Amino acid sequence: MGRNGAFGGSAVLWALLAARVAVAFDPVTVGIAIGAMSLTGYLSYSDLYCRFTECCHEDRPLNASALKLDLEEKLFGQHLATEVILKALTGFRNNKNPKKPLTLSLHGWAGTGKNFVSQIVAENLYPKGLKSNFVHLFDQLQKWIRGNVSVCGSSIFIFDEMDKLHPGIIDAIKPFLDYYEQVDGISYRKAIFIFLSNAGGDLITKTTLDFWRAGRKREEIQLKDLEPVLSVGVFNNKHSGLWHSGLIDKNLIDYFIPFLPLEYRHVKMCVRAEMRARGALVDEDIVTRVADEMTFFPKNEKIYSDKGCKTVQSRLDFH
């Protein structure tokens with residue numbers, strides 16, 4: 001009994017060591033090492049394999065509390081985006097049998113947080129975030145999407161700078177976003193598509209400015225104040241990437257999410273966050289100096305940063 005126990009323990013120990021070393025070599029060697037471990041009866045093959053390589057866990061629940069905390073603590077001045085993204089992702093991931101992929105279209109001027117939100121979403125769904133094998137930045141549309149979904153059904157696809165795409169190109173992916181059980185034998189229903197675009201920034205700014213001039217807080221702006229205007233605006237904008245797109249016409253985009261222009265106080269919040277990220281103590285004099293170096297619009301009121309928080313990192317380097 002003692003010998004068998006000792007042998008079993010040794011087998012596990014050697015298999016673990018072999019698997020650790022094998023990570024630096026090739027998947028076949030990893031498979032052999034993990035196979036040895038699973039034969040000992042300690043853990044299943046799939047559990048062991050996923051300890052040494054990234055796996056696609058399509059049914060892994062979303063930690064909504066962690067996502068909410070990340071959005072509230074890291075995304076500044078975007079109460080609408082925080083609310084809608086949290087609601088959309090939580091509802092989608094809790095649905096075990098969605099009828100179509102989740103499709104989000106994020107709009108606003110540069111530096112307002114669209115790319116940052118994509119990073120937050122990716123990190124909350126996959127530990128490696130944007131570096132995950134299951135998070136993909138735009139490349140060759142149909143072939144690219146088909147190949148990646150066949151590997152992981154809950155893949156995330158991020159299309160940056162949609163406004164620079166030639167009109168009509170994005171409609172090539174329409175079959176993947178539609179209400180089909182399968183397309184060419186592959187189901188896309190658990191995938192997530194995120195479009196990022198500067199298009200509509202003028203419409204968002206106009207509404208935000210109207211609220212300010214009326215003496216109303218930006219936090220009073222609701223999705224219904226912007227989403228209808230935004231969807232029609234980008235549909236009729238030849239430079240939006242979604243001009244006369246079937247994705248809008250067929251209601252395949254679940255949410256148009258506006259990113260509001262950032263005010264002086266939001267820029268200061270970005271500077272503080274960057275200082276903390278660098279491990280430095282927050283110096284309010286430096287925070288003020290960096291914020292004061294930014295340029296603001298409109299010309300008379302000077303309320304909104306024309307670059308959002310985009311240049312905060314580089315400006316902080318000079319202080």
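The values are calculated or read from the model by the stated rules, or taken from the named source; none is laboratory data. This one's a predicted model, so the numbers in the text were calculated from it and none came from an experiment. Heads up, the Cβs are rebuilt from the backbone with ideal geometry, glycines too, and the neighbour counts pull from every protein chain shown. Note: areas computed on protein heavy atoms with side chains; ligands, DNA, RNA excluded. Shrake-Rupley method; radii C 1.70, N 1.55, O 1.52, S 1.80 Å.
Test each condition in (1) open to solvent by 50 Å² or more (accessible area, probe 1.4 Å); (2) without any contact (Cβ under 8 Å) to a residue 24 or more places away in the chain for F211 and report the one that comes out false.
(1)
Only one of (1) at pLDDT below 95; (2) within 21 Å of L75 (Cα to Cα) fails for A191. Which number is that?
If we test A191 against (1) at pLDDT below 95; (2) within 21 Å of L75 (Cα to Cα), just (2) comes out false.
Scan segment 240-267 for residues that are under 22 Å from L177 (Cα atoms), in a loop (DSSP other than H, G, I, E, B) and not charged (D, E, K, R) and jot them down.
S240, G241, L242, W243, H244, S245, N251, L252, I253
Could you tell me whether any residue of segment 168-186 is assigned by the TED database to the domain that holds V84, of a type in the set (S, T, N, Q) and either touching a helix residue (DSSP H, G or I) at 6+ places or on another chain (Cβ under 9 Å) or open to solvent by less than 40 Å² (accessible area, probe 1.4 Å) (or both)?
Within segment 168-186, not a single residue is assigned by the TED database to the domain that holds V84, of a type in the set (S, T, N, Q) and either touching a helix residue (DSSP H, G or I) at 6+ places or on another chain (Cβ under 9 Å) or open to solvent by less than 40 Å² (accessible area, probe 1.4 Å) (or both).
Scan segment 196-211 for residues that are touching an Asp or Glu at 6+ places or on another chain (Cβ under 9 Å), closer than 15 Å to G308 by Cβ and at pLDDT 95 or above and report the count.
0
Can you name the number of the only condition in (1) in the same structural domain as A88 (by the TED database); (2) modelled with pLDDT of 90 or more that S240 fails?
Unmet for S240, out of (1) in the same structural domain as A88 (by the TED database); (2) modelled with pLDDT of 90 or more: (2).
If you take the residues of segment 77-114 that are farther than 15 Å from L196 by Cα and charged (D, E, K, R), which of them is surrounded by the most Cβ atoms within 10 Å (Cβ to Cβ)?
R93
Could you check segment 292-312 and list, in sequence order, the residues that are part of a loop (DSSP other than H, G, I, E, B) and open to solvent by 20 Å² or more (accessible area, probe 1.4 Å)?
Filtering segment 292-312 down to residues part of a loop (DSSP other than H, G, I, E, B) leaves 294-295, 298-303, 306-311.
Once the filter is applied, which keeps residues that are part of a loop (DSSP other than H, G, I, E, B) and open to solvent by 20 Å² or more (accessible area, probe 1.4 Å), segment 292-312 yields T295, P298, K299, N300, E301, K302, D306, K307, C309, K310, T311.
Residue-wise test of (1) farther than 30 Å from T90 by Cα; (2) in contact with a strand residue (DSSP E or B) (Cβ under 7 Å, 6 or more places away or on another chain); (3) in contact (Cβ under 8 Å) with a residue 12 or more places away in the chain.
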| residue | (1), (2), (3) |
| --- | --- |
| R218 | no, no, yes |
| K224 | no, no, no |
| E227 | no, yes, yes |
| F235 | no, no, yes |
| L252 | no, yes, yes |
| V267 | no, yes, yes |
| P298 | yes, no, yes |
| S314 | yes, no, no |
